[in-house]
Amino acid sequence: MSAIHCHQLCKTFRQGDEVITGLDQVDIDIDAGEFVCLSGPSGSGKTTLLNAIGGLDTPDSGEIRMGDMRIDQLDRGALADMRLRHIGFVFQAYNLIPVLSAQENVEFVMQVQGVPAVERARKARAILEEVGLDGMEDRRPAQLSGGQQQRVAVARAIVSQPDLVLADEPTANLDSVSSEHLMGLFSELNRHHRITFVIATHDKRVMSYARRLIKMRDGKIISDAPQ
Amino acid sequence: MTVFKLYFATLLTLSWRNLWRNHRRTLIMLGAISIGVWAMIFMTALMRGMVDDMLDQGIRNLPGQIQIQHPEFLDDPSVVNNIPEPQGELLAALNQPGLKRWATRIKVPAVIASERESRGVTLLGVEPDAEPDITGIPARVIEGRFLQSNQDDGIVIDAKLAERLETRLGKRVVLMSQDPENNISERGFRIVGIYRTRLPGVEQFDVYAAKDTLQELLRIEGRVSQIVLVDDDYREIENLYQRIRQAAPAGSEVKAWYEIDTYLASMINMMDGFVLVWVIIIFLALSFGLANTLVMSVFERVREIGLIQALGMRPGLIVSQILLESLLLLLIGLVIGNLLAYITVKPLESGLDISVVAEGMAMMGASSMLYPNLTLHDMVLANTVVIILGVLTSILPAWRAARLDPVRALNTI
């Protein structure tokens with residue numbers, strides 16, 4: 001299910017009279033259990049590609065498949081279901097729900113999935129312990145540091161064991177210690193749980209964790225090689 | 001069902017906490033909803049009380065909630081259009097437990113003459129002990145006394161009529177009318193009581209005499225003009241009405257108050273319509289604040305809405321979450337508004353003195369005491385209108401939230 005297949009993806013944006021190319025005939029295949037980094041300068045198309053794979057944005061043309069599912073042809077409701085069941089997101093700016101505690105944020109996706117309360121509380125506490133936030137379950141996001149918030153976001157992304165985690169500059173707002181810790185966690189999850197990771201970054205330290213590095217520029221893939 | 005409960009728990013948690021993330025705005029909106037609901041219910045209770053009083057007065061002037069009379073009597077209230085006093089099946093129906101009061105009456109046109117003046121009047125032969133429940137006139141006697149028995153020889157007239165006749169308490173006047181054979185029947189009566197009318201235009205020319213005395217004067221022993229019935233609530237007389245209709249003898253006609261005075265009956269419907277319009281007008285004023293609050297609330301958390309979309313919340317659930325937030329706000333406002341209305345109306349139900357505007361109220365057929373009437377029906381109406389229109393008002397901001405582009409929403413600063 002987690003195998004991603006993108007074929008001839010194109011996406012343009014309008015900025016005033018100017019047309020900006022987000023994706024330009026992108027072809028890519030990602031197998032289940034891969035740990036992939038998308039690198040490139042700002043505006044190279046990394047985030048656009050992540051958004052398209054995650055069903056947050058629709059390409060102008062081309063096709064995206066996740067297993068047998070044509071993501072680019074799903075309606076809003078089906079896309080929401082697809083994200084809920086198969087994809088975990090980690091964003092640069094943490095993006096936690098401010099009115100919920102750390103544990104409630106982690107439980108949120110499971111709650112929407114319909115997981116019973118006892119089970120999701122058990123899973124949420126376990127995953128928070130795994131990301132080093134034991135004892136901070138009841139804190140609201142405003143009471144956590146940037147690194148702690150990002151770990152809550154990671155816990156939320158992986159708690160329901162998605163097939164795919166899409167992370168967009170996950171270490172951009174973290175110090176080097178927190179970044180190392182987070183990437184170590186990603187590697188471990190990838191190895192132990194066979195979760196596919198696709199991480200957009202221009203941080204060299206992050207790239208060093210990847211087993212496959214895809215470089216992009218001006219919406220095109222300029223290199224794609226294992227490392 | 002379990003999944004629905006889980007969804008509901010998620011939505012409820014989010015809605016409740018979102019509601020209180022801006023305390024000041026929520027409290028201001030709650031204040032507006034509470035005061036609006038209070039105003040709807042309080043003013044409706046005042047209006048309902050005024051209309052009830054007007055209806056009560058109107059029914060007392062008929063008089064009675066149900067009347068039994070000759071079929072021609074309402075069109076031609078002459079002495080020939082009479083009916084026998086109740087007996088047999090009708091008497092049994094009238095004496096069944098549950099009916100508050102019934103009485104027989106004579107009502108004929110007459111002329112009253114004092115030493116100086118004469119006037120056309122309506123001569124009423126009544127059973128004095130029933131009159132407090134039928135018209136309430138005995139309570140309004142300001143000089144002398146009301147009639148004491150069915151054979152009393154005195155009469156009771158209105159103060160203004162006494163003034164016009166240039167007569168006073170204790171003086172003798174002559175009353176003239178016709179018997180069924182068109183012979184003039186006349187007799188001298190002493191004025192034993194003077195009352196003050198609440199409705200000058202209607203009651204001023206009513207002259208009260210004892211029933212037996214008038215039967216003898218008009219030579220209609222054993223016969224009366226009307227049998228009038230009064231129960232506790234004029235709105236709930238249908239069963240009684242049907243029972244009396246079945247028992248009434250041939251040659252008589254039974255009519256309910258709303259058939260006798262259709263204007264009075266239309267006032268109830270008019271009042272219901274007026275209450276609805278009033279409630280909607282107040283709500284329209286409220287709705288701007290409510291819509292603004294929700295729009296601001298959505299605008300403030302565009303990024304968060306983008307996030308929950310990205311995490312897989314379906315558009316329908318996002319709409320439900322915003323609507324639930326609005327519903328919670330409305331429900332809290334309604335509870336406070338209803339409580340406020342209850343605690344402000346209840347103490348006034350014993351009567352609110354509005355004698356400063358008594359003359360104007362009298363022209364409308366209402367008294368100088370206003371008795372606010374808090375009815376469950378009106379409270380339910382106000383609450384239902386606020387809930388339904390409130391949720392409708394919230395649909396647009398909720399729909400806009402659900403239609404946000406998640407990528408743009410997530411990049412909103």
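The values are calculated or read from the model by the stated rules, or taken from the named source; none is laboratory data. Not measured: the values here are computed from a predicted model. Virtual Cβ from ideal backbone geometry, glycine too; neighbours counted across all protein chains shown.
Somewhere in the stretch B:15-28, is a residue in contact with a Lys or Arg (Cβ under 8 Å, 6 or more places away or on another chain) and within 14 Å of chain A (Cβ to nearest Cβ)? Yes, the stretch B:15-28 contains at least one residue that is in contact with a Lys or Arg (Cβ under 8 Å, 6 or more places away or on another chain) and within 14 Å of chain A (Cβ to nearest Cβ).
Kindly indicate the residue of the stretch A:40-58 that is more than 19 Å from A:L79 (Cα to Cα) and crowded, with 22+ Cβ neighbours inside 10 Å and also farthest from the other protein chains (Cβ to nearest Cβ) among those meeting that condition. Working first, answer last.
Narrowing the stretch A:40-58 to residues more than 19 Å from A:L79 (Cα to Cα): A:40-46.
Keeping just the survivors that are crowded, with 22+ Cβ neighbours inside 10 Å gives A:40, A:44-46.
Details: A:G40: 18, A:S44: 17, A:G45: 14, A:K46: 14 Å.
Out of the qualifying residues, it is A:G40.
Starting from the stretch B:75-97, take each residue that is assigned to a helix (DSSP H, G or I) and list its partners that are modelled with pLDDT under 90 and of a type in the set (D, E, K, R), counting only C-beta distances under 7 angstrom and pairs at least six apart or across chains. Note: pairs meeting the criteria are B:A93/B:R243.
If you go through the stretch A:126-135 one residue at a time, do you hit one that is away from every other protein chain (no Cβ under 12 Å), assigned to a loop (DSSP other than H, G, I, E, B), over 24 Å from A:I199 (Cα atoms) and in contact with a helix residue (DSSP H, G or I) (Cβ under 7 Å, 6 or more places away or on another chain)? Yes, the stretch A:126-135 has at least one match.
Of a type in the set (A, V, I, L, M), buried (at least 21 other Cβ atoms within 10 Å of the Cβ) and in contact with a Phe, Trp or Tyr (Cβ under 9 Å, 6 or more places away or on another chain): does that describe B:V192? In short, yes.
Just to be sure, is A:A155 of a type in the set (G, A, S), buried (at least 24 other Cβ atoms within 10 Å of the Cβ) and outside any loop (DSSP other than H, G, I, E, B)? Reasoning before the result, please.
Numbers: of a type in the set (G, A, S): yes; buried (at least 24 other Cβ atoms within 10 Å of the Cβ): yes; outside any loop (DSSP other than H, G, I, E, B): yes.
Yes: the conditions hold for A:A155.
Residue pairs whose Cβ atoms lie under 7 Å apart, sitting 6 or more positions apart in sequence or on different chains, and linking a residue in the stretch A:163-186 that is at positive phi to a partner that is of a type in the set (A, V, I, L, M, F, W, C) and modelled with pLDDT of 85 or more, are A:E169/A:A200.
Pairs linking a residue in the stretch A:207-227 that is at positive phi to a residue that is surrounded by fewer than 17 Cβ atoms within 10 Å (Cβ to Cβ) and among the polar types (S, T, N, Q), with Cβ atoms under 8 Å and 6 or more positions apart or on different chains, are A:D218/A:T21; A:G219/A:T21.
A:D138 meets each of the listed conditions (1) touching a residue at least 24 places away in the same chain (Cβ under 8 Å); (2) within 12 Å of another protein chain (Cβ to nearest Cβ) apart from (2).
Within the stretch A:113-125, the only residue that satisfies the criterion of being in a loop (DSSP other than H, G, I, E, B) and either β-branched (V, I, T) or crowded, with 16+ Cβ neighbours inside 10 Å (or both) is A:V115.
Flag: B:R24 does not match the condition of being within 21 Å of B:A210 (Cβ to Cβ) and in a helix (DSSP H, G or I). Among the residues that make up the stretch B:211-219, is at least one of them over 31 Å from the mean Cα position of the chain (by Cα), part of a strand (DSSP E or B) and without any contact (Cβ under 8 Å) to a residue 24 or more places away in the chain? No: the stretch B:211-219 contains no residue that is over 31 Å from the mean Cα position of the chain (by Cα), part of a strand (DSSP E or B) and without any contact (Cβ under 8 Å) to a residue 24 or more places away in the chain. Each residue in the stretch A:113-125 was checked for being under 11 Å from A:Q103 (Cβ atoms) and within 14 Å of another protein chain (Cβ to nearest Cβ), and 3 pass.
Annotation for the stretch B:245-254: at least one member residue is without any contact (Cβ under 8 Å) to a residue 60 or more places away in the chain, more than 21 Å from B:R140 (Cβ to Cβ) and either over 31 Å from the mean Cα position of the chain (by Cα) or surrounded by 14 or more Cβ atoms within 10 Å (Cβ to Cβ) (or both).
Looking across B:L74, B:L27, B:L55, one residue alone is surrounded by fewer than 19 Cβ atoms within 10 Å (Cβ to Cβ), among the aliphatic types (A, V, I, L, M) and closer than 30 Å to B:L124 by Cβ. It is B:L74. Within the stretch A:162-198, being among the polar types (S, T, N, Q) and assigned to a strand (DSSP E or B) holds for one residue alone: A:T196.
Quick check on the stretch B:46-69. Is at least one of its residues assigned to a loop (DSSP other than H, G, I, E, B) and among the charged types (D, E, K, R)?
Of the stretch B:46-69, the ones assigned to a loop (DSSP other than H, G, I, E, B) are B:62-65.
Imposing the further condition that a residue be among the charged types (D, E, K, R) reduces the set to none.
There is no residue in the stretch B:46-69 that is assigned to a loop (DSSP other than H, G, I, E, B) and among the charged types (D, E, K, R).
Screening the stretch B:300-344 for residues that are β-branched (V, I, T) and surrounded by fewer than 20 Cβ atoms within 10 Å (Cβ to Cβ) and picking the one that is farthest from the other protein chains (Cβ to nearest Cβ) gives B:T344. Of the residues screened, A:A153 is not one that is aliphatic (A, V, I, L, M), in contact with a Gly (Cβ under 6 Å, 6 or more places away or on another chain) and on the phi < 0 side of the Ramachandran plot.
Could you check, for the stretch B:200-217, whether at least one of its residues is among the aliphatic types (A, V, I, L, M), touching a Lys or Arg at 6+ places or on another chain (Cβ under 8 Å) and surrounded by 21 or more Cβ atoms within 10 Å (Cβ to Cβ)? Steps first, please.
Within the stretch B:200-217, the first condition is being among the aliphatic types (A, V, I, L, M), and the residues that meet it are B:202, B:207, B:209-210, B:214, B:217.
Right, trim to touching a Lys or Arg at 6+ places or on another chain (Cβ under 8 Å) and you get B:217.
Narrowing further to those that are surrounded by 21 or more Cβ atoms within 10 Å (Cβ to Cβ): B:217.
So far as the stretch B:200-217 goes, yes, one or more of its residues are among the aliphatic types (A, V, I, L, M), touching a Lys or Arg at 6+ places or on another chain (Cβ under 8 Å) and surrounded by 21 or more Cβ atoms within 10 Å (Cβ to Cβ).
Evaluate the following for A:D29: is it part of a helix (DSSP H, G or I), among the acidic types (D, E), more than 9 Å from chain B (Cβ to nearest Cβ) and out of contact with any Cys (no Cβ under 7 Å at 6 or more places or on another chain)? Against the criterion (part of a helix (DSSP H, G or I), among the acidic types (D, E), more than 9 Å from chain B (Cβ to nearest Cβ) and out of contact with any Cys (no Cβ under 7 Å at 6 or more places or on another chain)), A:D29 does not qualify. Residues that are facing chain B (nearest Cβ under 8 Å) and either assigned to a helix (DSSP H, G or I) or at positive phi (or both) within the stretch A:84-112 comprise A:L84, A:R85, A:N95, A:E104, A:F108, A:V109, A:Q111, A:V112, listed in sequence order. Assess whether A:T21 counts as being within 14 Å of chain B (Cβ to nearest Cβ) and hydroxyl-bearing (S, T, Y). Here the answer is no, as A:T21 does not meet what is asked.
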